[in-house]
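Down below is the structure, laid out as structure tokens.
Bear in mind that the values in this text are calculations on the coordinates, not laboratory data. Small disclaimer: the values here were computed from a predicted structure and weren't measured. Neighbour counts run over all protein chains shown; Cβ positions are idealised from the backbone, glycine included.
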Amino acid sequence: MVGKQSSNPAKGHAKYFSVHVRALAAIVPAALLLAGCLTPVHPETMYRLTSDPEGADIYMGSAPDQLEHYVTTPFERRTSESLNWSQQYFQARKEGYVDSEVHQQPTFMMGHPTTIHFDLERDTRGFYPHGL
């Protein structure tokens, strides 16, 4: 049958209505987010910087030659805001110890605990025990 009409005209309107409701359901939150009226909710992340021994100064930067003092260990913060550690470079320094290697933090997902630990070695250069 050519040009057969639906026996239920409301069925076509329901389909039309359903498509538009789904479109609005996607557009309204996006518009509110862009307007700054809606803040995305991120899972909390536990950030930790530790060293052995404690009390090391941690330097961070976007390149190994652009490190600036960041915090002193131990450092711990739980937050739903990113601390922007992904792809950053870190180094630990402490008087009387050899500076650590520079570590680049890989990208990680929010909501997963992130710990960077440094084991520092005593600086024995120039140290001579008595009697030698």
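A few points about this structure:
- Distance between the pseudo-spin-label points of VAL102 and ASP123 (7 Å out from Cα toward the beta carbon): 1.8 nm.
- Computed across the stretch 45-119, the Kirkwood radius stands at 12.5 Å (inverse of mean 1/r, all Cα pairs).
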